[in-house]
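To start, the structure itself, in C-alpha cells.
The values are calculated or read from the model by the stated rules, or taken from the named source; none is laboratory data. The model shown is predicted, which means the values in this text are computed figures rather than measured ones. All Cβ positions, glycine included, derive from the backbone under ideal geometry; neighbour counts span all protein chains shown. Side chains are part of the model used for accessible areas, which takes the heavy atoms of the whole protein and leaves out ligands, DNA and RNA. Shrake-Rupley method; radii C 1.70, N 1.55, O 1.52, S 1.80 Å.
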Amino acid sequence: MNTKLFLSALAISTIAWISPSSAASPSELNDLEIAHVAYTADSIDIRYAHLALAISKNPRIHEFARTMIRDHTAVNEEALALLKELNVAPQDNFLSQKLSSDADQLVAEMSGLSGDAFDKRYAENELGYHKAVNGLVETAFIPNIETPQVKALFEKALKIFKAHEHHAEMMVKSLK
C-alpha cells in the first residue's frame, strides 16, 4: 500500500477542514476523520494482537497476531511520519471514540480468558472486526472519499484487509 500517496492526497484535499465535523454517521465523515478512524482501527488490531501473543499458546494464533502487528504497524508508522512532514493531523470523531471504547471493553473481557477459550474468542473477534471494518470501508468510506487517489488507495488497501479477514475465517474454522 502506498501510504505516502494516500496521505499526501488526503492532506492536499482536506487541509481546509480544520474545524471538527458534525458528522452523525460514518458516511458523513470527511477525509481527515476517515484517516483517524483508519489509524484507530489499525492501532486497536495491534493491541488485540499483542494480547494474543501474551495469552495464547497456539502457534496459528501467534502467526496471525504477528501478521497483524507487522502490517498495521508499518501502515501507521508511515502515516504518522507523513502527517508530521505535512504538518496536518487526522481528526478525532465519534466513530474513532466508539471503536476505542469498545476495544477497551473487549480487551478487559479477553484478558480474563485463557487456553482454547481465549483462542476461540480472539479468532472470532478478528473475523468479526475485519468484516465490520472492511464493510465500513467498502460501503461508507470509499463511496464518500472525495480525492480520486485516496479512493483508489482505499480500494487497494481493502484487498489487503480482506485477505486478513479470510485468514481470520480460516482460523475460526480450525478452532471449532
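Some observations on this one:
- Computed over protein heavy atoms with a 1.4 Å probe, the accessible surface of the stretch 94-176 works out to 52 Å² per residue.
- Lysines with Cα under 22 Å of residue 120, excluding same-chain neighbours fewer than 8 positions away: 57, 131, 162, 173, 176
- Solvent-accessible area, 1.4 Å probe, carbon plus sulfur percent, for the stretch 39-141: 55 percent
- Spin-label zone in the stretch 114-147 - amide nitrogen under 12 Å from a point set 7 Å from the Cα of residue 169 along the C-beta vector: 127-128, 131
- Summed side-chain charge close to residue 53 - residues other than residue 53 whose Cβ falls under 14 Å, Lys, Arg +1, Asp, Glu -1: +1
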